[in-house]
């Protein structure tokens, strides 16, 4: 059997299992190793650093709130640092359950749907037009970890993705003439 056939069978199996999980009320995201793309917020949650808000989709740390950004990961096989105690905070830390959801109401382009999904293309368009220059209003409005908000300076209230990257990925400004396959956007 060729490697391509094995990959196709693996994806078909993963798709079938994800379908079964969905029928039972569990959402699963399929990660295709042929097209590596990692959601670092979900990775941070799996590592026990915090949770991905079921309301806004922002990553929230129990102490630092949305003021933690995961930019890289080093994945090592096995347990090179020894046994790992249960580091999951998902069961203990659920701030969005009782929150008034200011992160949803304050977003000027209504990027978040209140169910943890965000429309990155809408955010990119809004920011391309000059919106949210002072920072992400959803992140700024989160009541968790406000004492750890970014200090004044060039990164004050930074977005999770730079405006320039969003313009490139979504074909805005000069990037509109560059074919999508050359923009480096996630597929």
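The values are calculated or read from the model by the stated rules, or taken from the named source; none is laboratory data. Treat the numbers as computed from the prediction; the structure is a model and nothing was measured. Because the Cβ atoms are built from the backbone with ideal geometry, glycine has one as well, and the counts that use them run over all protein chains shown.
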- Query: Restricting the first residue to the stretch 160-187 and requiring it to be at positive phi and surrounded by fewer than 17 Cβ atoms within 10 Å (Cβ to Cβ), which pairs with a second residue that is at pLDDT 75 or above and not in a loop (DSSP other than H, G, I, E, B) meet a Cβ separation below 8 Å and a spacing of at least six or different chains?
  - Reply: 173/128; 173/167; 184/168; 184/169
- Query: Is it true that residue 23 is within 28 Å of residue 137 (Cβ to Cβ), at pLDDT 85 or above and over 15 Å from the mean Cα position of the chain (by Cα)?
  - Reply: no
